[in-house]
There are 2 protein chains.
Amino acid sequence: MNARSVIDGDMARTTGSHSDITGPRIREVALRLFAAEGYAAVSMRKIAAEVGVQAGALYNYTPDKQSLLFDLMHGHMEDLLAARAQAGTAGTPTDRLEAFTRFHISYHEERPHEIFIAYMELRNLTPENFVVIEGLRGKYEDELSGILRAGVESGEFTLVDPRVATRAIISMLNGVTTWYRREGRLSLTDVETIYWDMVRKAVGA
Amino acid sequence: MNARSVIDGDMARTTGSHSDITGPRIREVALRLFAAEGYAAVSMRKIAAEVGVQAGALYNYTPDKQSLLFDLMHGHMEDLLAARAQAGTAGTPTDRLEAFTRFHISYHEERPHEIFIAYMELRNLTPENFVVIEGLRGKYEDELSGILRAGVESGEFTLVDPRVATRAIISMLNGVTTWYRREGRLSLTDVETIYWDMVRKAVGA
DNA sequence: CTTTGCCATGAACGCCCGTTCAGTTATTGA
DNA sequence: TCAATAACTGAACGGGCGTTCATGGCAAAG
């Protein structure tokens, strides 16, 4: 055995540790339980039991239950914005609207738990945490608003009220996660295409 | 004072009573609190305190907390179906779709608590109660499905998939209650018209 | 006025909650 | 091999939970 040195980088782990296993597991279990039963109905003991640990151990990873919820929602919104930033934003407003529609549907279909929490558990955030999440959500919705306004200006879209249209389209697209099942009669691409057809017509493109 | 006899009918009240005050108050307070904070986060003691009564007294009106939730949801769905049955169902599919759209928006705007609960607290119902509510919801959505199918058959609508369109339209319309405020820049009629414009175009009419 | 019985009280039941913490275990670097 | 320390346990804290029930006040009926 050779004297291979420690893998460098940001590795700063000190002695005896496997927090890099338990930490993610806690977030993963909490995400699933919060989505299935709701924040208020899930106890720290229940999360701990599912992780395979005692309740007290959770507090090595989160200062309290509220932070656990906030971190999940915050992480989700930042991931969503980052993924959206990488997706295509070029072309005509119509092209961009199609890209947005397909991106929204496919991204959220892969993360049903996250979106469920992001929209259902807002009222369980403390006021300070709420404004942060609400701000990030606003940033995401602004992407769609911008596309709609550009389309109206270019004459591609005919919309009575772009602000209301933004809300309407977001609500419609979010609905997908409440009924779509991978094993069902439609593929995800089918669903994207059906929704895109309705969105396109709704904006008058 | 004359010997006016007891008001007849189904009056079967026996001796000393004001349950016809407390009963409705409990449902009213529970509805508001469940909508604002969520079923799991609202305790029986909290409901009782807001009604102005001790927790034990609630059990003169409901066998348990679960029944309180179920009765609120069940009552809401039956009222919704009854109101819908009275609304206009005549004319072309386009007429009927417009009537449905405007009915749905205006009915739900007047009952924001009810719809919030009906869509957010499904997971807090016992399995038996869940299937009942889900069945009533299906009946309501079938009204829209019927209109869409009729429009496709008559050639008025061009829809890739009426079943998916039903879900999409319902989601879109439900979204109104998450942002609409009476004091805001738009009247309810404005909102109805904006949404009807989008729905009409989305179905290709 | 007396009886009737609805309606509400308030204490109690056993249980679960979020969180803390002193002590134990397990893993690592030296 | 051993000291250092991260990770976890298990018990405890005060408090809230849904629900039950013996008790009593009080309005109406007779």
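The values are calculated or read from the model by the stated rules, or taken from the named source; none is laboratory data. The structure presented is a predicted model; accordingly, all values stated were derived computationally and were not measured. Note that we place each Cβ from the backbone using ideal geometry, even for glycine, and neighbour counts take in every protein chain shown. For accessibility, only protein heavy atoms count, side chains too; no ligands or nucleic acids. Shrake-Rupley method; radii C 1.70, N 1.55, O 1.52, S 1.80 Å.
Some notes on this structure:
- Karplus (6.51, -1.76, 1.60) ³J(HN,Hα), θ = phi - 60°, over the range A:30-42, in Hz, Gly and Pro reported as x: 4, 4, 5, 5, 4, 5, 7, 10, x, 3, 5, 8, 9
- In percent, rounded to a whole number, the relative contact order of chain B is 22, using alpha-carbon pairs under 8 Å and six or more apart.
- For A:Asp20, label point 7 Å along C-beta direction: distances to other copies, nm: 7.2
- Helix-only arithmetic for chain B: the sum of -39500 (n - 2.57) across DSSP H runs with n ≥ 4, divided by the residue total, places the mean residue ellipticity at 222 nm at -21500 deg cm²/dmol.
- Over the range A:19-62, relative contact order from alpha-carbon pairs under 8 Å, at least 6 apart, %: 35 percent
- FRET efficiency estimate (nearest 0.05) - Cβ-Cβ, B:Glu110 to A:Arg163, R0 35 angstrom: 0.95
- Figure legend: label point modelled 7 angstrom from the Cα of A:Phe130 along Cα→Cβ; residues of the range B:94-122 with amide N under 17 Å from it are B:113, B:116-117.
- Between B and A, roughly 2900 Å² of accessible area is buried in total, ligands, DNA and RNA not counted and the probe set to 1.4 Å.
- Shown is the FRET efficiency for A:Thr92 and B:Thr178, computed with R0 = 51 Å from the Cβ-Cβ distance and rounded to the nearest 0.05: 0.95.
- Helix A:127-154 axis, angle to chain A major axis (alpha carbon atoms, nearest 10°): 30 degrees
- Label-to-label distances for A:Gly56 across copies, nearest first, come out at 3.8 nm, using points 7 Å from Cα in the beta-carbon direction.
- Most mobile of A:Arg123, A:Arg137, A:Arg163 in a GNM of chain A (Cα contacts under 10 Å): A:Arg123
- Gained length - A:Ala85 relative to A:Ser67, 0.36 nm times residue gap less alpha-carbon distance: 3.8 nm
- Table column - 3J(HN,Hα) (Hz), the range B:97-108, Karplus curve with 6.51, -1.76, 1.60, x for Gly and Pro: 5, 5, 4, 4, 4, 5, 4, 4, 5, 6, 4, 6
- Heavy-atom surface analysis with a 1.4 Å probe gives chain B a carbon and sulfur content of 52 percent of its accessible area.
- Each 10 Å bin, from zero up to the one with the longest distance, holds this percent of the alpha carbon pairs of the range B:64-202: 11, 40, 34, 14, 1, 0.
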